[in-house]
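Data first, discussion second: the structure below is written as structure tokens.
The values are calculated or read from the model by the stated rules, or taken from the named source; none is laboratory data. Note that the coordinates shown come from a computational prediction; the quantities given were computed from them, not determined experimentally. With ideal geometry, Cβ positions are generated from the backbone for all residues, glycine too; neighbour counts draw on all protein chains shown.
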Amino acid sequence: MIESFIYNRFLQNTRTLGGTKNDNPDQVHLSFGFPYSDLFPIQELAEAAKQATFEQGKNALHYFGGPAISYLPSWVSGRLDKIGIQVPVEQIKITIGAAQAIEVMARILCNVDDEVWVENPTFFGATRMFGLAGATIIRPFEIDSNGILIEPLQVELERRVQAGEALPKLLYVMPNYQNPTGVCLSVERRKQLADLAKTYGFYILEDDAYLELNYTNKYLPAIHTFAPEHVIHIGTFSKIIGPGVRLGWAVVPPVLLKFVQQFMSGSQTNPYMQEIVSTYLQNNDFQAYLDGVNAHYKDQRDTMVDALVNTFGDLIEVQVPQGGFFLSVRFKQLTDVIQLTQIAEQHGVSILNGSAFYANREGRSTIRLCFTYCSKERIAVGIQRLYEAYQQLKDITKD
């Protein structure tokens, strides 16, 4: 009987979050962590697709692909030079988005019952993949405005060595414009993390999905720079060109290359899409395009911050990021925003409660808002609706 079938035991420990159940066409989606659709280079990609098909179609539509198979790693290598990553292109593996890079590394590095250490809060999509890979303990470590706190990490590592206990296999961090807080890891802490990885023999998964969405044009060196043998650096085209291209990359230490090849041998990254993106990058001024994207997102961020401050005043605390997609907002007079998210949905705006990003379900007074997906006009409408929902909640709790 199919009803009695025993499925993967790790599925029951994972959860799917995000989005909205409201199908109202007037809904303002501030919960979606998506780019702004009007910025997609549609005309340029259409021209690239036509050229790639006619010039390289016989190869690109085959299993082995065309020239893009070697071009894209070289292009990525050039982009990573500004954060100090300099490796042979053979170490740069093109993946089906950053998600596949996270999944592959989790499956390579984690055995059943291994521990993965993460920031608190952290991206829940990553913790879900770690759980599916068999890691049964996701250990959170607090962050502040400069990223993950180093001292608690070091104290716990030293304690485990002295007690003869198992060390973590993997530490997952988002060094730039972290999801959900938007904070950046300081250079000093990047160096300290690298030193800990080298001393205690664990790997760091450096998820740099928002690296290029930089509103200051000031770049910090990657953690990879300080410990290249212990760091897997990953990135994605999803945030800068469009999620639909489903392309990302991983900078893999040499000792792990053969394992990555084994795991990806049956799931070759779409060679046809690689050819299209490769052609697009060769035919267009990508930096000029990216500068326009960042200017637009910076403007949308400022619109959201201004709307929040002008509407809520000192009822909230807002962390203003210098890049990325997200704002983290704390409500000073709320101990749990679950009811606020429900009432906000009824008012026509979707938000994401902050506790979804905490391994221990903290952050109950915070929400995450995305400022990139909606237009400035819709952002203003959404914040006003959120304020109306907040006022309704205060009236309910006052009675």
- Task: Find the helices (runs of 4 or more DSSP H) located wholly in region 94-167 whose residues include 1 or more that are at pLDDT below 95, and list them.
- Result: 97-109, 124-132
- Residues of region 32-91 being among the small types (Gly, Ala, Ser), more than 27 Å from the chain's Cα centre (by Cα) and not in a helix (DSSP H, G or I), which ones? 65, 66
- Note on the structure: Given (1) within 20 Å of the chain's Cα centre (by Cα); (2) modelled with pLDDT of 95 or more; (3) under 15 Å from residue 206 (Cβ atoms); (4) surrounded by fewer than 24 Cβ atoms within 10 Å (Cβ to Cβ), residue 176 misses just (4)
- Task: Among the numbered conditions (1) surrounded by 20 or more Cβ atoms within 10 Å (Cβ to Cβ); (2) within 23 Å of residue 211 (Cα to Cα); (3) touching a Phe, Trp or Tyr at 6+ places or on another chain (Cβ under 7 Å), tell me where residue 298 comes up short.
- Result: (1)
- Message: Between 161, 116, 155, 89, which is outside the structural domain of residue 353 (by TED's automatic domain parsing), surrounded by fewer than 24 Cβ atoms within 10 Å (Cβ to Cβ) and in contact (Cβ under 8 Å) with a residue 24 or more places away in the chain?
- Response: 161
- Task: Answer yes or no as to whether residue 160 is in contact with a helix residue (DSSP H, G or I) (Cβ under 6 Å, 6 or more places away or on another chain) and more than 18 Å from residue 119 (Cβ to Cβ).
- Result: no
- Query: Which condition breaks for residue 127 when tested against (1) of a type in the set (Ser, Thr, Tyr); (2) under 18 Å from residue 358 (Cα atoms); (3) out of contact with any strand residue (DSSP E or B) (no Cβ under 7 Å at 6 or more places or on another chain)?
  - Reply: (3)
- Within region 362-375, track down each residue that is surrounded by 16 or more Cβ atoms within 10 Å (Cβ to Cβ) and more than 18 Å from residue 318 (Cα to Cα). 373, 374
- Could you pull out the residue among 235, 248, 244 that is closer than 20 Å to residue 39 by Cα, free of Cβ contacts under 8 Å to residues at least 40 places away in the same chain and under 19 Å from the mean Cα position of the chain (by Cα)? 244
- Message: So the check is Cβ under 9 Å with 6+ separation or different chains; which pairs have a first residue in region 22-44 that's farther than 14 Å from residue 297 by Cβ and not assigned by TED's automatic domain parsing to the domain that holds residue 236 and a second one that's basic (Lys, Arg) and assigned to a strand (DSSP E or B)?
- Response: 30/368; 31/368
- Message: Out of 216, 279, 236, I need the residue that is in the same structural domain as residue 166 (by TED's automatic domain parsing), of a type in the set (Val, Ile, Thr) and surrounded by fewer than 23 Cβ atoms within 10 Å (Cβ to Cβ). Which one?
- Response: 216
- Query: Which residues, taken from region 316-333, are surrounded by 16 or more Cβ atoms within 10 Å (Cβ to Cβ), in contact (Cβ under 8 Å) with a residue 40 or more places away in the chain and within 22 Å of residue 398 (Cβ to Cβ)?
  - Reply: 329, 331
- Item | One residue from 32, 40 being within 30 Å of residue 354 (Cα to Cα), touching a Phe, Trp or Tyr at 6+ places or on another chain (Cβ under 6 Å), at pLDDT 85 or above and of a type outside the set (Asp, Glu) | 32
- Which of the residues belonging to region 220-271 are among the charged types (D, E, K, R), in a loop (DSSP other than H, G, I, E, B) and more than 15 Å from residue 101 (Cβ to Cβ)? 229
